[in-house]
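Trainee: What follows is a single structure, and I will ask about it in a moment.
The values are calculated or read from the model by the stated rules, or taken from the named source; none is laboratory data. All values derive from a computational prediction rather than experimental measurement. A quick note on method: Cβ atoms are made from the backbone with ideal geometry, for glycine too, and the neighbour counts reach across all protein chains shown. Note: accessible area is taken over every heavy atom of the protein model, side chains too, but ligands, DNA and RNA are not part of it. Shrake-Rupley method; radii C 1.70, N 1.55, O 1.52, S 1.80 Å.
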Amino acid sequence: MTETILKLRQIGELVLRQPARPLSLDEIQSPETQRLIAAMRDTLRDAPGVGLAAPQVGYGIQLAIIEDRAEYQQAIPPEQLAERGRQPLPFQVIINPKLNIIDPAQNLFFEGCLSVAGFTALVPRAARVRVEGLDENGEPLTIEAEDWHARILQHEIDHLHGRLYLDSMLPRSFMTSANHARFWKDVPVCEVCSAFQISYT
Ligand code: CO
């Protein structure tokens, strides 16, 4: 099958700031939506990234995909993966999701977005969530997730409401991905906060 790489919309495009509309069962099962899902998967793997929402490729519909492949984690020290609760996640399609916060305790880590290319910031996220929605066949779907998985779900579902991580980040931690890699990627989050005079409790 041919790969389809879609254009990733960047901040400043209105579609990223508009609430997306839910899909009907007929729409979900249509060849158009199935083709879009396949193209979004190709686009996410090409980027590469761990999550992609339809507005990021120009569609104002409540559809997102997530996937965190083992190969993406190979270069990351095991203690960093453990600290984030990051484990490989299989490819998953989430349609018309409702997010419930199960544990409001917040985790704080750097986060990026394919629509805010080249930047990263510290973003607090709820530690544990439940997501209810539909899968790619229109079947009911319930996901209980914690830590990194919960973070990705919150980030992608935010996209479906016109929200970006910029709206919830700690602004003083906003930096280029290059500077993050150069100076901060191996520094504990609490030390980053103190270095940048970020008060966060
Ligand atoms: Co994003």
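Trainee: Arg151 - would you say it is within 20 Å of Gln56 (Cβ to Cβ) and free of Cβ contacts under 8 Å to residues at least 12 places away in the same chain?
Mentor: Here the answer is no, as Arg151 does not meet what is asked.
Trainee: I would also like to ask the following. Given the conditions (1) within 21 Å of Gln87 (Cα to Cα); (2) assigned to a helix (DSSP H, G or I), which single one is not true for Asn179?
Mentor: Going through the list (1) within 21 Å of Gln87 (Cα to Cα); (2) assigned to a helix (DSSP H, G or I), Asn179 breaks only (1).
Trainee: On to the next question. If I ask for residues that are farther than 17 Å from Asp68 by Cα and within 14 Å of the chain's Cα centre (by Cα), which ones from the range 79-118 would you list?
Mentor: Pro97, Leu99, Ser115, Val116, Ala117, listed by residue number.
Trainee: Within the range 52-72, does at least one residue satisfy the condition of being assigned to a strand (DSSP E or B) and touching a Gly at 6+ places or on another chain (Cβ under 6 Å)?
Mentor: Residues of the range 52-72 assigned to a strand (DSSP E or B): 52-53, 61, 63-68.
In the following step, the residues that additionally are touching a Gly at 6+ places or on another chain (Cβ under 6 Å) were identified as 66.
For the range 52-72, residues assigned to a strand (DSSP E or B) and touching a Gly at 6+ places or on another chain (Cβ under 6 Å): present.
Trainee: In the list Leu141, Leu122, Leu170, Leu108, which residue meets the criterion of being open to solvent by less than 60 Å² (accessible area, probe 1.4 Å), away from the ligand (no atom under 16 Å from the Cβ), touching a helix residue (DSSP H, G or I) at 6+ places or on another chain (Cβ under 6 Å) and at pLDDT 95 or above?
Mentor: Details: Leu141 fails: touching a helix residue (DSSP H, G or I) at 6+ places or on another chain (Cβ under 6 Å); Leu122 fails: away from the ligand (no atom under 16 Å from the Cβ); Leu170 fails: touching a helix residue (DSSP H, G or I) at 6+ places or on another chain (Cβ under 6 Å).
Exactly one residue qualifies, and that residue is Leu108.
Trainee: Sticking with this structure for a sec: Which ones in the range 137-172 are in contact with a strand residue (DSSP E or B) (Cβ under 7 Å, 6 or more places away or on another chain) and in a helix (DSSP H, G or I)?
Mentor: Matches in the range 137-172: Asp147, His149, Ala150, Arg151, Ile152, Leu153, Gln154, His155, Glu156, Ile157, His159, Tyr165.
Trainee: Take the range 55-72 and flag every residue that is more than 14 Å from His155 (Cβ to Cβ) and surrounded by 18 or more Cβ atoms within 10 Å (Cβ to Cβ). Walk me through how you get there before you give the answer.
Mentor: In the first step, residues of the range 55-72 are kept if they are more than 14 Å from His155 (Cβ to Cβ); the result is 57-63, 69-72.
Scanning the range 55-72 gives Val57, Tyr59, Ile61, Gln62, Leu63.
Trainee: Still on this structure, please answer the following. I'm trying to understand the selection: among the residues of the range 12-43, which are hydrophobic (A, V, I, L, M, F, W, C), open to solvent by 70 Å² or more (accessible area, probe 1.4 Å) and touching a strand residue (DSSP E or B) at 6+ places or on another chain (Cβ under 9 Å)? Please lay out each step first, then the result.
Mentor: Let us first name the residues in the range 12-43 that are hydrophobic (A, V, I, L, M, F, W, C), namely 14-16, 20, 23, 25, 28, 36-40.
After this cut, where a residue has to be open to solvent by 70 Å² or more (accessible area, probe 1.4 Å) as well, the list is 14, 25.
Result: Leu25, single match.
Trainee: Inspect the range 117-125 for any residue being farther than 18 Å from Trp184 by Cβ and free of Cβ contacts under 8 Å to residues at least 12 places away in the same chain and give the result as yes or no.
Mentor: No - not one qualifying residue is present in the range 117-125.
Trainee: Please work out if Leu99 is assigned to a strand (DSSP E or B), open to solvent by 30 Å² or more (accessible area, probe 1.4 Å), in contact (Cβ under 8 Å) with a residue 24 or more places away in the chain and not small (Gly, Ala, Ser).
Mentor: yes
Trainee: Something else now. Can you tell me which residues in the range 73-92 are in contact with a strand residue (DSSP E or B) (Cβ under 7 Å, 6 or more places away or on another chain) and in a helix (DSSP H, G or I)?
Mentor: Residue satisfying the conditions is Arg84 alone.
Trainee: Take the range 175-187 and flag every residue that is loosely packed, with under 11 Cβ neighbours inside 10 Å and modelled with pLDDT of 95 or more.
Mentor: Selection gives Arg182 alone.
Trainee: Another question about this same structure. Among (1) within 15 Å of the ligand (Cβ to nearest atom); (2) open to solvent by 20 Å² or more (accessible area, probe 1.4 Å); (3) among the small types (Gly, Ala, Ser); (4) under 28 Å from Cys193 (Cβ atoms), where does Ser115 come up short?
Mentor: The one condition Ser115 does not meet is (2).
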